[in-house]
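Asks: Structure incoming, see below.
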Amino acid sequence: MRKGGMFTIREAVREDNEELLRLEEKSPQGTGISIVIDRDDYFYRSTLHANGKVLIAEEEGKIVGVMAYALKDVLIGGEKERVAYFYDLRGEVSYRRSMKRGLFRLWKAVHAEIEAGGAAFIYGHVKADNHPSLNVATKIGARIAASFSVLSISTLPGKAEELDPHLDDLEAEVDRLEELVGERSLRPLSLKEPYMRGAELGYLNGIYRLEEGRSFAQVSAWDLSRIYRGRVVRMPITLRLLGALLNPAAKFLPLPRIPKVGEKIAYLQLFDPVCRGKDGERLLKALLARLQRRAHANGFDIITMFVYQDDPLAAIPRFFPQKVLRYHTMVRPVLSEELPPRPLYLDIRDV
């Protein structure tokens, strides 16, 4: 425990869950479409990591900030390296002035612990328009190591064509994916760790693939709707108008539906997209189109696909309408000054 006057930093405990959820509710993400995450268990992300920890900042007995991190072993340049991943960095809105100091104290507390844990660096993903978090990260010495995009498209009504989820021989599928991904930076030592654990918990929906001749495209689909859902708290007027136009027709026609302010959203999240062969990009778009209908039939509202901007295996196809969100992977050196070489790997547990 670290104290400074009436300011305290300590590890969060289960009894803090409700207050942390209230803090989360007051921390919507985004300056255009603004979405808050509704989750029952604030600690669920930490349970996905073997060495996760949540630190909170209190002022006069009230939680005014939170930051979590996890120590993990990953590949860097093909070699095993201990690093730290930070997430859930939040500050109480009414404490903005004090939290400028408080967030830096949280960073210092985390830095001391991960340095003792042998981390070469600490990294995290920050939304490109989340300027307060970007400013804090920059001031403590973090740098942008890479950027990734998140494609967001609505699911569609209509006949859902059959797609093989390839879960019957998951180990073979993960071996195949591991060979495709290669030894890129931030990849877990073995992809079996997140994939087998995800299947065990019921989060891995499937590894879907379309093939034509020597070309193919595939994605890994994850369903975390039992853990959390998004809720729209602010929507640009252009999308509100588009929703007023499309939503009535979407009840009868295969048209996208635009969520309304206040509605909860169930996501089907796509990771590890792969395109191979001359028709790979076309097949990826066709695969997403099939998943739009399959996801709609299974109660999902939005499909999101995560891709680093310099990913050699895939690029984001164009849909209408679509929303593409931008994120930066921020790296703050601890025991090493080197940034991880690109391309980077995006771990489902980190998002």
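Here, each number is a calculation from the coordinates, and none is a lab measurement. Since this is a predicted model, take the numbers as computed values, not measurements. Note that we place each Cβ from the backbone using ideal geometry, even for glycine, and neighbour counts take in every protein chain shown.
Asks: Residue farthest toward the positive end of the dipole of the chain, with Cβ of Lys/Arg at +1 and Asp/Glu at -1: which of 166, 130, 224?
Replies: So the residue we want is 130.
Asks: On a 0 to 90° scale, report how tilted helix 170-181 is relative to the longest principal axis of the chain, with both axes built from alpha carbons and the result rounded to the nearest 10.
Replies: It works out to around 80 degrees.
Asks: Give the lysines whose C-alpha is closer than 23 Å to that of residue 72, dropping any in the same chain fewer than 8 places away, or say none.
Replies: 53, 80, 108, 127, 192
Asks: Given Cα pairs under 8 Å that are at least 6 residues apart, what percent is the relative contact order of the stretch 151-326? Present the calculation step by step, with values, prior to reporting the outcome.
Replies: On the way: 303 pairs, mean separation 59.6, N = 176.
That works out to 34 percent.
Asks: Counting each DSSP H run of 4 or more residues in the chain as -39500 (n - 2.57), what helix-only mean residue ellipticity at 222 nm follows after dividing by all residues, to the nearest 500 deg cm²/dmol? Kindly include the intermediate steps, with their values, before the conclusion.
Replies: Working: 8 runs with 97 residues, N = 351.
Counting only the DSSP helices, I get -8500 deg cm²/dmol.
Asks: Suppose we keep just the DSSP beta bridges with both residues in the chain; what percent of those would be antiparallel, to 5?
Replies: Details: 76 of 83 bridges.
Of all bridge pairs located within the chain, approximately 90 percent are antiparallel.
Asks: Counting other beta carbons within 10 Å of each Cβ, put 181, 126 in order, fewest first.
Replies: On the way: 181 18, 126 21.
The order, fewest Cβ neighbours first, is 181, 126.
Asks: Mind telling me which of 320, 121, 216 comes out most flexible in a GNM of the chain, alpha-carbon contacts under 10 Å?
Replies: Result for the chain, Cα springs under 10 Å: 320 fluctuates most.
Asks: Once the Cα atoms of helix 192-201 and of the chain are each reduced to a long axis, what angle between those two axes, in degrees from 0 to 90 to the nearest 10, is obtained?
Replies: For 192-201 against the chain, the angle is about 80 degrees.
Asks: Suppose we keep just the DSSP beta bridges with both residues in the stretch 50-184; what percent of those would be antiparallel, to 5? Could the numbers behind the result be given before it?
Replies: Values: 19 of 21 bridges.
Around 90 percent of the beta bridges assigned by DSSP in the stretch 50-184 are antiparallel ones.
Asks: Could I ask something else about it? Considering only DSSP states other than H, G, I, E and B, which trypsin sites (Lys or Arg not before Pro) in the stretch 101-172 qualify as loop sites with at most 10 other Cβ atoms within 10 Å? Walk me through the intermediate numbers first.
Replies: Numbers: sites: 101, 105, 108, 127, 139, 143, 159; in loops: 159.
Here the trypsin sites (Lys or Arg not before Pro) that fit, given the DSSP loop and packing criteria, are 159.
Asks: When the Kirkwood hydrodynamic radius is evaluated over all pairs of different C-alpha atoms of the chain, what value in angstrom, to one decimal, is obtained?
Replies: Details: mean 1/r = 0.0469 Å⁻¹.
Evaluated on the chain, it is 21.3 Å.
Asks: Tilt of helix 96-116 relative to the longest C-alpha principal axis of the chain, in degrees (0 to 90, nearest 10)?
Replies: Between the helix axis and the principal axis of the chain, the angle is about 90 degrees.
Asks: Please express the shape of the stretch 55-179 as an equivalent ellipsoid: the semi-axes are the square roots of 5 times the eigenvalues of the C-alpha gyration tensor, given largest first in whole angstrom. Show your work: numbers first, answer last.
Replies: Details: eigenvalues 246, 104, 40 Å².
Working through the eigenvalues yields semi-axes of 35, 23, 14 Å.
Asks: I've got another one for you. Give me 41, 279 sorted ascending by neighbouring Cβ count inside 10 Å, so fewest comes first. Don't skip to the end; give the middle numbers.
Replies: Details: 41 14, 279 18.
Lowest count first: 41, 279.
Asks: Which percent of Cα-Cα pairs in the stretch 231-351 sits in each 10 Å bin, short to long?
Replies: 10, 35, 32, 17, 5, 1
Asks: Indicate, rounded to the nearest 5 percent, the antiparallel portion of the DSSP beta bridges found entirely in the stretch 151-326. Before the final figure, lay out each step's value.
Replies: On the way: 23 of 27 bridges.
The antiparallel proportion sits near 85 percent.
Asks: Order the peptides 257-268, 239-250 from the highest to the lowest mean number of other Cβ atoms within 10 Å of their residues.
Replies: Details: 257-268: 17.2, 239-250: 14.3.
Top of the packing list down: 257-268, 239-250.
Asks: Quote the relative contact order of the chain in percent (integer), defining contacts as alpha-carbon pairs under 8 Å separated by 6+ residues.
Replies: 24 percent
Asks: Sticking with this structure for a sec: Determine, for 163, 20, the number of other Cβ atoms within 10 Å of each Cβ, and report the residues in order from fewest to most. Could you put the intermediate results ahead of the total?
Replies: Working: 163 16, 20 21.
Ordered by Cβ neighbours within 10 Å, fewest first: 163, 20.
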